[in-house]
Amino acid sequence: MRFYRHKLNNYCLVTYCIMVGLTIALRLSAQDINPRELIREGNSLYKDSVFEKAELAYKKSLFHDPSSTISNLNLGSAVYRQGRYEDAVASYQNASKTTEDPAIQSEVFYNLGNSFMKEKKYDQTIEAYKNTLRRNPYDDQARYNLALAKMYKQNQQNQQNQNQQNQNQQNQQNQDQQNQDQQKQDQQKQDQQKQDQQKQDQQKRPSQPKKVNISKEDMQRLLKVLQSEEAKVKKRLDKKRKAPANSKNEKDW
């Protein structure tokens, strides 16, 4: 049991020595790293359009100097070139917080405006270009981009209004169609109820003799028969009236 403890203590001692050595080595290596060298490395890679490696170099520089305005600014440009505009905005905003130099701030806000423009966030775009011109009134490109952003914003609002009108019109058409369908259903229901009521009324009424359709020829023959019968009856009645009546007082002598 003691032997086991003795071996464990030796093991811990060796581990401790290794960790201390690594810590000292890391500190020494960190002292040897120059953030500016990393920025220059990133700039070289950026010029060669190797934007992913440039991004990595700028991030290494920020690891050793988190308040570096140039590292944040260049990192934003590297990720902007990769189409990651939201990440670019974050880097440019970090850069704007680490400097009071109007020239650098003007560059930062100009790049912010470009990033917001890509995301079609025109309110933020307009404000960013205005901040650029507040710090550098002679930046004609920022002035042009500001006018362009205002035009895009107006077009966006017009499109949104048109889409809203189309949606309202579509909703109204749908509502009208629903009302028509409901009216049709109500009318069909009323017609069905009326038919049912008529059937009930017919069942309550006494049956009527059916009409017999007689042709014109049959009607004429029937009239002739009736006239002939009437003539016969009239003849018998006339004959009866002309015959002498027998007197009851007459005697047979």
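Looking only at region 129-145, decide whether some residue is of a type in the set (Gly, Ala, Ser), touching a helix residue (DSSP H, G or I) at 6+ places or on another chain (Cβ under 6 Å) and closer than 27 Å to residue 59 by Cα. Talk me through it step by step, then tell me what you get.
Here is the first cut: in region 129-145, the ones of a type in the set (Gly, Ala, Ser) are 142.
Checking which are touching a helix residue (DSSP H, G or I) at 6+ places or on another chain (Cβ under 6 Å) leaves us with 142.
Then keep just the ones that are closer than 27 Å to residue 59 by Cα; that gives none.
No, region 129-145 has no match at all.
Return yes when residue 164 is open to solvent by 90 Å² or more (accessible area, probe 1.4 Å) and either more than 26 Å from the chain's Cα centre (by Cα) or of a type in the set (Asp, Glu) (or both) and no when it is not. No, not satisfied. The listed residues are 69, 132, and the only one of them that is closer than 24 Å to residue 150 by Cα and of a type in the set (S, T, N, Q) turns out to be 132. Residues that are at pLDDT 80 or above, of a type in the set (S, T, N, Q) and open to solvent by 100 Å² or more (accessible area, probe 1.4 Å) within region 226-253 comprise just one, 227.
Residues are listed down the side, and each one gets a yes or a no for (1) open to solvent by less than 10 Å² (accessible area, probe 1.4 Å); (2) of a type in the set (Asp, Glu):
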{"position": "53", "(1), (2)": "no, no"}
{"position": "63", "(1), (2)": "no, no"}
{"position": "68", "(1), (2)": "no, no"}
{"position": "75", "(1), (2)": "no, no"}
{"position": "78", "(1), (2)": "yes, no"}
{"position": "84", "(1), (2)": "no, no"}
{"position": "100", "(1), (2)": "no, yes"}
{"position": "104", "(1), (2)": "no, no"}
{"position": "108", "(1), (2)": "yes, no"}
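In the set (1) part of a helix (DSSP H, G or I); (2) at pLDDT below 85, the condition left unmet by residue 210 is number (1).
Do we find a residue being over 60 Å from the mean Cα position of the chain (by Cα) and at pLDDT below 75 anywhere in region 213-225? Yes, some residue in region 213-225 is over 60 Å from the mean Cα position of the chain (by Cα) and at pLDDT below 75.
The values are calculated or read from the model by the stated rules, or taken from the named source; none is laboratory data. Predicted model only: the values in this text are computed from it and were never measured. Neighbour counts run over all protein chains shown; Cβ positions are idealised from the backbone, glycine included. What goes into the accessible areas is simple: the full protein's heavy atoms, side chains included, and nothing from ligands, DNA or RNA. Shrake-Rupley method; radii C 1.70, N 1.55, O 1.52, S 1.80 Å.
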